[in-house]
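Engineer: What follows is a structure written as C-alpha coordinates; I'll ask about it next.
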Amino acid sequence: MGSKNKLKRFRENETFSNVFQPTREELVDSQFNLKGLWNEIVFKNNNPLVLELGCGKGEYSVELAKKYPEKNFIGIDIKGARFWRGAKTAIEESIPNVAFLRTQIELIDHAFGKAEVDEIWITFPDPQIKYKRTKHRMTNSEFLKRYKTILKSEGVVNLKTDSEFMHGYTLGLLHGGGHEVLYANHNVYKQEGSPEEVTSIQTYYESQYLEQNKPITYIRFKIK
Ligand SMILES: C[S@@+](CC[C@H](N)C(=O)[O-])C[C@H]1O[C@@H](n2cnc3c(N)ncnc32)[C@H](O)[C@@H]1O
(Lines give C-alpha, C1' and ligand atoms only; values in the text may rest on other atoms or scores of the structure.)
Protein backbone atom coordinates (compact mmCIF):
# COMPACT_ATOMS: atom_id res chain seq x y z
CA MET A 1 0.00 0.00 0.00
CA GLY A 2 1.34 3.46 -0.95
CA SER A 3 2.17 5.92 1.82
CA LYS A 4 -0.42 8.40 0.49
CA ASN A 5 -3.12 5.78 0.85
CA LYS A 6 -1.91 4.91 4.35
CA LEU A 7 -2.03 8.57 5.38
CA LYS A 8 -5.56 8.82 4.05
CA ARG A 9 -6.57 5.82 6.14
CA PHE A 10 -4.82 7.18 9.25
CA ARG A 11 -6.71 10.45 8.83
CA GLU A 12 -9.99 8.63 8.33
CA ASN A 13 -9.37 6.44 11.40
CA GLU A 14 -9.18 9.67 13.46
CA THR A 15 -12.76 10.46 12.44
CA PHE A 16 -14.24 7.00 13.02
CA SER A 17 -16.33 6.67 16.17
CA ASN A 18 -15.45 2.95 16.41
CA VAL A 19 -11.65 3.45 16.42
CA PHE A 20 -9.60 4.06 19.59
CA GLN A 21 -5.92 4.97 19.43
CA PRO A 22 -4.49 5.73 22.87
CA THR A 23 -0.82 6.68 23.11
CA ARG A 24 1.57 4.46 25.02
CA GLU A 25 1.73 7.13 27.73
CA GLU A 26 -2.05 7.24 28.06
CA LEU A 27 -2.06 3.48 28.56
CA VAL A 28 0.97 3.02 30.77
CA ASP A 29 1.46 6.23 32.76
CA SER A 30 -2.11 7.20 33.44
CA GLN A 31 -5.33 5.32 33.94
CA PHE A 32 -6.73 4.80 30.42
CA ASN A 33 -10.27 6.16 30.44
CA LEU A 34 -11.82 3.07 28.85
CA LYS A 35 -10.03 0.49 31.01
CA GLY A 36 -12.72 -1.54 32.76
CA LEU A 37 -15.41 0.57 31.11
CA TRP A 38 -15.51 -0.54 27.47
CA ASN A 39 -19.05 -1.87 27.73
CA GLU A 40 -20.34 1.07 29.71
CA ILE A 41 -18.78 3.85 27.61
CA VAL A 42 -18.37 2.37 24.13
CA PHE A 43 -21.08 -0.28 23.68
CA LYS A 44 -23.54 1.00 26.26
CA ASN A 45 -24.68 -2.46 27.29
CA ASN A 46 -23.53 -5.31 29.47
CA ASN A 47 -22.94 -7.94 26.81
CA PRO A 48 -19.96 -10.34 26.73
CA LEU A 49 -16.75 -8.74 25.46
CA VAL A 50 -14.64 -10.57 22.85
CA LEU A 51 -11.20 -9.48 21.61
CA GLU A 52 -9.38 -10.33 18.40
CA LEU A 53 -5.61 -9.92 18.82
CA GLY A 54 -3.57 -9.04 15.72
CA CYS A 55 -6.83 -8.55 13.84
CA GLY A 56 -5.26 -7.27 10.59
CA LYS A 57 -8.16 -6.07 8.45
CA GLY A 58 -10.60 -7.25 11.11
CA GLU A 59 -12.54 -9.92 9.22
CA TYR A 60 -13.10 -12.06 12.31
CA SER A 61 -14.23 -9.16 14.47
CA VAL A 62 -16.67 -7.87 11.86
CA GLU A 63 -18.09 -11.26 10.88
CA LEU A 64 -18.45 -12.47 14.47
CA ALA A 65 -20.13 -9.18 15.36
CA LYS A 66 -22.70 -9.77 12.63
CA LYS A 67 -23.20 -13.37 13.73
CA TYR A 68 -23.47 -12.53 17.44
CA PRO A 69 -25.24 -9.18 17.85
CA GLU A 70 -25.59 -9.94 21.59
CA LYS A 71 -21.80 -9.83 22.08
CA ASN A 72 -19.31 -6.96 21.75
CA PHE A 73 -16.12 -7.31 19.70
CA ILE A 74 -12.86 -5.35 19.66
CA GLY A 75 -10.24 -5.93 16.97
CA ILE A 76 -6.74 -5.00 18.12
CA ASP A 77 -3.71 -4.37 15.96
CA ILE A 78 -0.74 -2.02 15.86
CA LYS A 79 -1.34 -1.34 12.17
CA GLY A 80 -4.13 1.19 11.77
CA ALA A 81 -4.04 1.14 7.98
CA ARG A 82 -5.07 -2.51 8.15
CA PHE A 83 -7.99 -2.37 10.57
CA TRP A 84 -9.23 0.74 8.76
CA ARG A 85 -10.91 -1.82 6.45
CA GLY A 86 -12.89 -3.45 9.26
CA ALA A 87 -13.75 -0.14 10.91
CA LYS A 88 -14.99 1.33 7.61
CA THR A 89 -17.11 -1.78 6.88
CA ALA A 90 -18.63 -1.62 10.36
CA ILE A 91 -19.57 2.03 9.80
CA GLU A 92 -20.90 1.48 6.27
CA GLU A 93 -22.98 -1.49 7.39
CA SER A 94 -24.01 0.13 10.71
CA ILE A 95 -22.66 -2.72 12.86
CA PRO A 96 -22.82 -1.27 16.38
CA ASN A 97 -21.11 -4.08 18.34
CA VAL A 98 -17.59 -3.91 16.92
CA ALA A 99 -14.74 -1.47 17.61
CA PHE A 100 -11.01 -1.31 16.89
CA LEU A 101 -8.13 -0.51 19.20
CA ARG A 102 -4.68 0.47 17.96
CA THR A 103 -2.11 -0.75 20.41
CA GLN A 104 0.61 -3.28 21.01
CA ILE A 105 -0.71 -6.55 22.41
CA GLU A 106 2.09 -6.25 25.00
CA LEU A 107 0.04 -3.45 26.59
CA ILE A 108 -3.25 -5.34 26.63
CA ASP A 109 -3.51 -5.39 30.43
CA HIS A 110 -3.29 -1.58 30.42
CA ALA A 111 -6.18 -1.30 27.98
CA PHE A 112 -8.58 -3.69 29.74
CA GLY A 113 -9.49 -4.12 33.39
CA LYS A 114 -9.25 -7.28 35.49
CA ALA A 115 -11.78 -9.90 34.32
CA GLU A 116 -13.28 -7.47 31.81
CA VAL A 117 -13.01 -9.85 28.85
CA ASP A 118 -15.01 -13.02 28.12
CA GLU A 119 -13.17 -14.43 25.14
CA ILE A 120 -10.04 -13.88 23.02
CA TRP A 121 -9.38 -14.82 19.41
CA ILE A 122 -5.82 -14.91 18.08
CA THR A 123 -6.00 -15.17 14.32
CA PHE A 124 -2.95 -16.12 12.25
CA PRO A 125 -0.30 -14.54 14.46
CA ASP A 126 3.25 -14.27 13.15
CA PRO A 127 4.74 -17.57 14.45
CA GLN A 128 8.07 -15.93 15.37
CA ILE A 129 9.92 -19.19 14.77
CA LYS A 130 13.45 -17.98 15.58
CA TYR A 131 14.42 -18.64 19.18
CA LYS A 132 15.39 -14.98 19.67
CA ARG A 133 11.84 -13.99 18.73
CA THR A 134 10.20 -16.23 21.40
CA LYS A 135 9.25 -13.18 23.46
CA HIS A 136 7.11 -11.88 20.58
CA ARG A 137 5.14 -15.13 20.19
CA MET A 138 1.57 -14.30 21.07
CA THR A 139 0.95 -17.49 23.04
CA ASN A 140 4.14 -17.51 25.13
CA SER A 141 3.73 -17.74 28.91
CA GLU A 142 4.17 -13.97 29.42
CA PHE A 143 1.31 -13.23 27.03
CA LEU A 144 -0.83 -15.96 28.64
CA LYS A 145 -0.32 -14.23 32.02
CA ARG A 146 -1.52 -10.93 30.57
CA TYR A 147 -4.54 -12.60 28.97
CA LYS A 148 -5.39 -14.34 32.25
CA THR A 149 -5.49 -10.97 34.04
CA ILE A 150 -8.06 -9.47 31.71
CA LEU A 151 -10.12 -12.64 31.18
CA LYS A 152 -13.01 -13.72 33.39
CA SER A 153 -12.35 -16.96 35.31
CA GLU A 154 -14.36 -18.94 32.75
CA GLY A 155 -12.86 -17.00 29.82
CA VAL A 156 -11.52 -18.86 26.80
CA VAL A 157 -8.85 -18.26 24.17
CA ASN A 158 -9.13 -19.36 20.52
CA LEU A 159 -6.04 -19.72 18.35
CA LYS A 160 -6.40 -20.20 14.61
CA THR A 161 -3.18 -20.56 12.65
CA ASP A 162 -1.65 -22.04 9.50
CA SER A 163 1.63 -22.54 11.36
CA GLU A 164 2.26 -26.11 12.49
CA PHE A 165 5.04 -24.69 14.60
CA MET A 166 2.73 -22.25 16.40
CA HIS A 167 0.07 -24.95 16.85
CA GLY A 168 2.55 -27.45 18.31
CA TYR A 169 4.36 -24.86 20.41
CA THR A 170 1.08 -23.66 21.94
CA LEU A 171 -0.25 -27.16 22.63
CA GLY A 172 3.05 -28.11 24.30
CA LEU A 173 3.03 -24.99 26.42
CA LEU A 174 -0.61 -25.49 27.44
CA HIS A 175 -0.09 -29.13 28.43
CA GLY A 176 3.19 -28.34 30.19
CA GLY A 177 1.66 -25.43 32.10
CA GLY A 178 -1.42 -27.32 33.31
CA HIS A 179 -3.80 -25.21 31.23
CA GLU A 180 -7.02 -26.70 29.90
CA VAL A 181 -7.22 -27.56 26.21
CA LEU A 182 -10.93 -27.61 25.41
CA TYR A 183 -10.58 -28.54 21.74
CA ALA A 184 -7.79 -28.96 19.19
CA ASN A 185 -7.91 -29.66 15.47
CA HIS A 186 -4.87 -29.81 13.17
CA ASN A 187 -6.82 -29.45 9.90
CA VAL A 188 -10.13 -27.69 10.46
CA TYR A 189 -11.50 -28.04 6.91
CA LYS A 190 -10.62 -31.76 6.63
CA GLN A 191 -10.91 -33.20 10.13
CA GLU A 192 -14.50 -33.33 11.36
CA GLY A 193 -15.77 -31.56 14.45
CA SER A 194 -14.62 -27.96 13.94
CA PRO A 195 -16.98 -25.39 15.43
CA GLU A 196 -18.96 -23.53 12.79
CA GLU A 197 -17.42 -20.15 13.60
CA VAL A 198 -13.98 -21.60 12.86
CA THR A 199 -14.80 -22.75 9.34
CA SER A 200 -17.34 -20.11 8.29
CA ILE A 201 -15.04 -17.07 8.52
CA GLN A 202 -11.75 -16.63 6.67
CA THR A 203 -9.29 -13.83 7.32
CA TYR A 204 -7.19 -12.12 4.67
CA TYR A 205 -4.07 -14.14 5.55
CA GLU A 206 -6.08 -17.32 5.82
CA SER A 207 -7.44 -17.06 2.28
CA GLN A 208 -3.87 -16.81 1.00
CA TYR A 209 -2.83 -19.92 2.96
CA LEU A 210 -5.89 -21.80 1.72
CA GLU A 211 -4.90 -21.03 -1.88
CA GLN A 212 -1.58 -22.72 -1.12
CA ASN A 213 -3.51 -25.73 0.29
CA LYS A 214 -2.04 -25.25 3.76
CA PRO A 215 -3.89 -26.99 6.60
CA ILE A 216 -5.47 -24.55 9.06
CA THR A 217 -5.29 -25.48 12.74
CA TYR A 218 -7.34 -24.43 15.75
CA ILE A 219 -7.09 -24.66 19.55
CA ARG A 220 -9.62 -23.52 22.14
CA PHE A 221 -8.27 -23.31 25.70
CA LYS A 222 -8.60 -21.94 29.21
CA ILE A 223 -5.66 -20.40 31.05
CA LYS A 224 -5.20 -21.78 34.57
C1 LIG B 1 0.06 -12.31 10.03
S2 LIG B 1 -0.94 -10.92 10.39
C3 LIG B 1 -2.56 -11.64 10.56
C4 LIG B 1 -3.66 -10.61 10.42
C5 LIG B 1 -5.10 -11.15 10.49
N6 LIG B 1 -5.38 -11.75 11.77
C7 LIG B 1 -5.35 -12.15 9.39
O8 LIG B 1 -5.42 -13.35 9.69
O9 LIG B 1 -5.49 -11.73 8.23
C10 LIG B 1 -0.49 -10.55 12.06
C11 LIG B 1 -1.05 -9.21 12.55
O12 LIG B 1 -0.69 -9.04 13.89
C13 LIG B 1 -0.27 -7.70 14.11
N14 LIG B 1 0.69 -7.74 15.22
C15 LIG B 1 1.79 -8.51 15.31
N16 LIG B 1 2.41 -8.32 16.49
C17 LIG B 1 1.67 -7.41 17.17
C18 LIG B 1 1.77 -6.81 18.46
N19 LIG B 1 2.76 -7.13 19.27
N20 LIG B 1 0.83 -5.91 18.82
C21 LIG B 1 -0.18 -5.60 17.98
N22 LIG B 1 -0.34 -6.13 16.76
C23 LIG B 1 0.57 -7.04 16.36
C24 LIG B 1 0.34 -7.26 12.79
O25 LIG B 1 0.31 -5.86 12.64
C26 LIG B 1 -0.53 -8.01 11.78
O27 LIG B 1 -1.61 -7.22 11.33
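Engineer: State which residue is farthest from the ligand (Cβ to nearest atom) when the search covers only region 162-206 and only residues that are within 30 Å of Tyr131 (Cβ to Cβ) and hydroxyl-bearing (Ser, Thr, Tyr).
Structural biologist: Only one residue fits best here, namely Tyr183.
Matching residues to (1) in contact with a Lys or Arg (Cβ under 9 Å, 6 or more places away or on another chain); (2) away from the ligand (no atom under 14 Å from the Cβ); (3) modelled with pLDDT of 95 or more; (4) not hydrophobic (A, V, I, L, M, F, W, C):
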position	(1), (2), (3), (4)
Lys57	yes, no, yes, yes
Leu64	yes, no, yes, no
Glu70	no, yes, yes, yes
Asp77	yes, no, yes, yes
Gly80	yes, no, yes, yes
Glu93	yes, yes, yes, yes
Asp118	yes, yes, yes, yes
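Engineer: Return the residue satisfying two criteria in turn: it lies in region 61-103 and is open to solvent by 80 Å² or more (accessible area, probe 1.4 Å) and part of a loop (DSSP other than H, G, I, E, B), and of such residues it is farthest from Glu197 (Cα to Cα).
Structural biologist: In this case the residue turns out to be Lys79.
Engineer: Please work out which one of (1) in contact (Cβ under 8 Å) with a residue 12 or more places away in the chain; (2) open to solvent by 10 Å² or more (accessible area, probe 1.4 Å); (3) under 19 Å from Arg102 (Cα atoms) is the condition Ile41 fails and give its number.
Structural biologist: Ile41 satisfies every listed condition except (1).
Engineer: Let me ask something else. I'd like the full set of residues that are more than 12 Å from the chain's Cα centre (by Cα) and assigned to a helix (DSSP H, G or I), limited to region 104-114.
Structural biologist: So the first thing to find is which residues in region 104-114 are more than 12 Å from the chain's Cα centre (by Cα), and the list is 106-107, 109-114.
Glu106, Leu107, Asp109, His110, Ala111, listed by residue number.
Engineer: In region 107-116, which residue that is more than 15 Å from the ligand (Cβ to nearest atom) and not hydrophobic (A, V, I, L, M, F, W, C) is surrounded by the fewest Cβ atoms within 10 Å (Cβ to Cβ)?
Structural biologist: Ranking the qualifying residues of region 107-116, first place goes to Lys114.
Engineer: If you don't mind, another one. Looking at (1) surrounded by fewer than 18 Cβ atoms within 10 Å (Cβ to Cβ); (2) touching a strand residue (DSSP E or B) at 6+ places or on another chain (Cβ under 8 Å); (3) under 22 Å from Arg82 (Cα atoms), which one does Glu211 not meet, given that it meets all the others?
Structural biologist: (2)
Engineer: Does at least one position in region 198-205 carry a residue that is free of Cβ contacts under 8 Å to residues at least 60 places away in the same chain and open to solvent by less than 40 Å² (accessible area, probe 1.4 Å)?
Structural biologist: yes
Engineer: I'd like the full set of residues that are hydroxyl-bearing (Ser, Thr, Tyr) and open to solvent by 40 Å² or more (accessible area, probe 1.4 Å), limited to region 117-166.
Structural biologist: Kept after step one, since they are hydroxyl-bearing (Ser, Thr, Tyr), are these residues of region 117-166: 123, 131, 134, 139, 141, 147, 149, 153, 161, 163.
The answer is Tyr131, Ser141, Thr149, Ser153.
The values are calculated or read from the model by the stated rules, or taken from the named source; none is laboratory data. Keep in mind that this is a model prediction, so the values were computed, not measured. Every residue, glycine as well, gets a Cβ built from its backbone with ideal geometry; the counts of neighbours run over all protein chains shown. With ligands, DNA and RNA removed, areas are computed over all heavy atoms of the protein, side chains included. Shrake-Rupley method; radii C 1.70, N 1.55, O 1.52, S 1.80 Å.
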